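The values are calculated or read from the model by the stated rules, or taken from the named source; none is laboratory data. A quick note: this is a predicted structure, and the numbers were derived from the prediction, not measured. Glycine also receives a Cβ, built like all others from the backbone with ideal geometry; neighbour counts cover every protein chain displayed.
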Amino acid sequence: MADALVCSIDETGVGRIQFNRPQIHNAFDNALIESLGAAIEALGADARVRAVVIAAEGVSFCAGGDLAWMLRMGEAPEAENVADALKLARVLGALATLPKPTLALVQGPAYGGGVGVVAACDIAIAAKEARFALTEARLGIIPAVISPYVVAAIGARAAARYALTAEPFDATEALRLGLVHEVVAAGDLEAAGARMLATLGRNSAAAMADAKALIRAVAGRPVDAALMQETAQAIARARARPGAHDRIATFLKRKAQSA
């Protein structure tokens, strides 16, 4: 039997996590969630990895929770049920806080937890054929552990609409809402991903890690004296980093030579 998830690292330092349960539309179950968590942890700790791509095999990106698995968990004792839900919550948290840029390549439908994965990535590119939906209400449940990432991506107002209606929306609407950053033809998805990865590859890995932490630290906070102090200290640390000195000096040298 093929692995439900495939993890690899290419020669350019791009880690790739590929959902590989196309026969059930890459739906989550306990085993896939554990594999996803292990892959995120491994790629995050590997010094060779500069960026992480999440993609999927088959016609669907991720259909959310495997219904048979959710039915079993609904019959489990509450403590076991909560512990199981925490596994996905922690995996999404690890994905969102990974100190390396993350890119979702969404080739097809992403529902429920699949939307959560897209929202937890830093950047998302979708094929025109992709569809999105928070389908939980139709099943009598709620998009609970994915909600922090979905609300951060599309805002509370849009999240309320789609969580309440469970209606699907297309890639163009996902772009308008901010869930994805680019929409391309299906045949161009990998090329668009490669262009984005090349752009990321020109940047300082340390600076990108710090930028991710910075966005999380300032999001939703009032601009007060405490925040001004924190951000001033952050840029002071960044400017003093040896790598920044080298990059700035190189940039100034190139500018002088081209003048």
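Can you name every residue in the stretch 129-138 that is over 23 Å from residue 90 (Cα atoms) and not in a loop (DSSP other than H, G, I, E, B)?
131, 138
Among the listed residues 137, 185, 194, which satisfies the condition of being surrounded by fewer than 17 Cβ atoms within 10 Å (Cβ to Cβ) and within 16 Å of residue 110 (Cα to Cα)?
Going through 137, 185, 194 in turn, the sole match is 137.
Could you please tell me which pairs satisfy a Cβ distance under 7 Å, a separation of 6+ or placement on different chains, a first residue in the stretch 89-101 that is within 17 Å of residue 112 (Cα to Cα), and a second residue that is outside any helix (DSSP H, G or I)?
So the pair list comes out as 89/145; 92/145; 92/146; 95/102; 95/121.
This table checks each residue for (1) outside any loop (DSSP other than H, G, I, E, B); (2) basic (Lys, Arg); (3) over 15 Å from residue 121 (Cα atoms); (4) touching a residue at least 12 places away in the same chain (Cβ under 8 Å).
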| residue | (1), (2), (3), (4) |
| --- | --- |
| 6 | yes, no, yes, yes |
| 11 | no, no, yes, no |
| 31 | yes, no, yes, yes |
| 36 | yes, no, no, yes |
| 39 | yes, no, no, yes |
| 44 | yes, no, no, yes |
| 47 | no, no, yes, no |
| 54 | yes, no, no, yes |
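Is there a residue in the stretch 32-41 that is touching an Asp or Glu at 6+ places or on another chain (Cβ under 9 Å), within 24 Å of residue 145 (Cβ to Cβ), in the same structural domain as residue 141 (by TED's automatic domain parsing) and not small (Gly, Ala, Ser)?
yes
Tell me which residues, restricted to the stretch 148-172, are surrounded by fewer than 17 Cβ atoms within 10 Å (Cβ to Cβ), closer than 26 Å to residue 220 by Cα and under 19 Å from the mean Cα position of the chain (by Cα).
If the condition is that a residue be surrounded by fewer than 17 Cβ atoms within 10 Å (Cβ to Cβ), closer than 26 Å to residue 220 by Cα and under 19 Å from the mean Cα position of the chain (by Cα), then 148, 155, 156 are the ones that fit.
Suppose we filter 155, 193, 114 for residues that are farther than 27 Å from residue 13 by Cα and part of a helix (DSSP H, G or I); which single one remains?
One residue alone meets the criteria, 155.
Residue by residue, here is whether (1) part of a helix (DSSP H, G or I); (2) in contact (Cβ under 8 Å) with a residue 24 or more places away in the chain; (3) among the charged types (D, E, K, R) holds:
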site	(1), (2), (3)
162	yes, yes, no
175	yes, yes, no
189	yes, yes, no
199	yes, no, no
203	no, no, no
232	yes, no, no
244	yes, yes, no
252	yes, no, no
257	yes, no, no
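Hey, any hits in the stretch 189-207 for a residue that's more than 30 Å from residue 47 (Cβ to Cβ) and among the charged types (D, E, K, R)?
There is no residue in the stretch 189-207 that is more than 30 Å from residue 47 (Cβ to Cβ) and among the charged types (D, E, K, R).
Out of the residues in the stretch 13-27 that are touching a helix residue (DSSP H, G or I) at 6+ places or on another chain (Cβ under 8 Å) and either outside the structural domain of residue 39 (by TED's automatic domain parsing) or part of a strand (DSSP E or B) (or both), which is surrounded by the fewest Cβ atoms within 10 Å (Cβ to Cβ)?
14
Does at least one position in the stretch 58-81 carry a residue that is of a type outside the set (Ser, Thr, Tyr), in contact with a strand residue (DSSP E or B) (Cβ under 8 Å, 6 or more places away or on another chain), assigned by TED's automatic domain parsing to the domain that holds residue 192 and exposed (fewer than 15 other Cβ atoms within 10 Å of the Cβ)?
no
Does residue 175 fit the bill of being exposed (fewer than 12 other Cβ atoms within 10 Å of the Cβ), in the same structural domain as residue 98 (by TED's automatic domain parsing), of a type outside the set (Phe, Trp, Tyr) and over 19 Å from residue 101 (Cβ atoms)?
In short, no.
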